[in-house]
Amino acid sequence: MSAPRAALARLAPEPTAALAEVERVAAASVDPHVLELVRDRVASVLGGVPSDLDDWRSRTDLDAADRAVLDFVEQFVFSVSSLDDAQVAALLEHADPIRVHELCNLVWAVDLGTRLDLVAGVVLS
């Protein structure tokens, strides 16, 4: 648990525990490789944490499925309301609708947790 999340847990233990459970369930529903892609990219985009994935568009070692995930994650973080059918279709080329739904849940949970940690780190410090 991050220091900001621990501080929040002292003030609001039940909601913090509920979020931790959501994060756990979402993480358990996807492949570990996808989990790391999502966590890495969200942390980089929201928290400015340098990442090997910052230049993912120019990398040659990522397959089409990874690229679809990274494109979706970036758009979700920047503006979830601007996700388009092509981004979802790209995911569906590599996974069935249930897996895409599980990915959406994961991205939402990681995004929410990261934003919460960033805000708690400022407000509760």
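The residue list Val30, Val49 contains one member that is in a loop (DSSP other than H, G, I, E, B) and closer than 15 Å to Asp117 by Cβ, which is Val49. For the structure I just gave you, tell me whether Val88 is among the hydrophobic types (A, V, I, L, M, F, W, C), surrounded by fewer than 16 Cβ atoms within 10 Å (Cβ to Cβ) and closer than 23 Å to Arg5 by Cβ. So Val88 fails the test. Can you confirm whether Ala68 is over 13 Å from the mean Cα position of the chain (by Cα), assigned to a helix (DSSP H, G or I) and more than 16 Å from Leu106 (Cα to Cα)? In short, no. Comparison of Val119, Val42 shows that the only residue that is surrounded by fewer than 16 Cβ atoms within 10 Å (Cβ to Cβ) and either within 14 Å of the chain's Cα centre (by Cα) or not in a loop (DSSP other than H, G, I, E, B) (or both) is Val119. Close Cβ contacts (under 8 Å, 6 or more residues apart or on different chains) running from residues in region 85-97 that are at pLDDT 95 or above to residues that are in a helix (DSSP H, G or I) and of a type outside the set (A, V, I, L, M, F, W, C) comprise Gln87/Asp71; Gln87/Gln75; Ala90/Arg67; Ala90/Asp71. Return yes when Leu37 is more than 20 Å from Val119 (Cβ to Cβ) and part of a helix (DSSP H, G or I) and no when it is not. Yes, satisfied. Picking from residues in region 27-49 that are in contact with a helix residue (DSSP H, G or I) (Cβ under 7 Å, 6 or more places away or on another chain) and free of Cβ contacts under 8 Å to residues at least 12 places away in the same chain, the one that is nearest to Asn105 (Cα to Cα) is Ser44. Selection of first residues in region 98-122 that are more than 21 Å from Gly47 (Cβ to Cβ) and of second residues that are at pLDDT 95 or above and among the polar types (S, T, N, Q), restricted to Cβ pairs under 6 Å at least 6 apart or on distinct chains, gives the following pairs, ordered by first then second residue: Glu102/Ser29. In this structure, Leu53 does satisfy being hydrophobic (A, V, I, L, M, F, W, C) and free of Cβ contacts under 8 Å to residues at least 24 places away in the same chain.
Which ones in region 68-109 are of a type in the set (Val, Ile, Thr) and out of contact with any Asp or Glu (no Cβ under 7 Å at 6 or more places or on another chain)? If the condition is that a residue be of a type in the set (Val, Ile, Thr) and out of contact with any Asp or Glu (no Cβ under 7 Å at 6 or more places or on another chain), then Val69, Val73, Val80, Val88, Ile98, Val100, Val107 are the ones that fit.
Could you please let me know if Ser58 is of a type outside the set (A, V, I, L, M, F, W, C) and surrounded by fewer than 11 Cβ atoms within 10 Å (Cβ to Cβ)? Yes.
The values are calculated or read from the model by the stated rules, or taken from the named source; none is laboratory data. None of the values given here were measured: they were computed from a predicted structure. Positions of Cβ are backbone-derived with ideal geometry, glycine not excepted, and every protein chain shown enters the neighbour counts.
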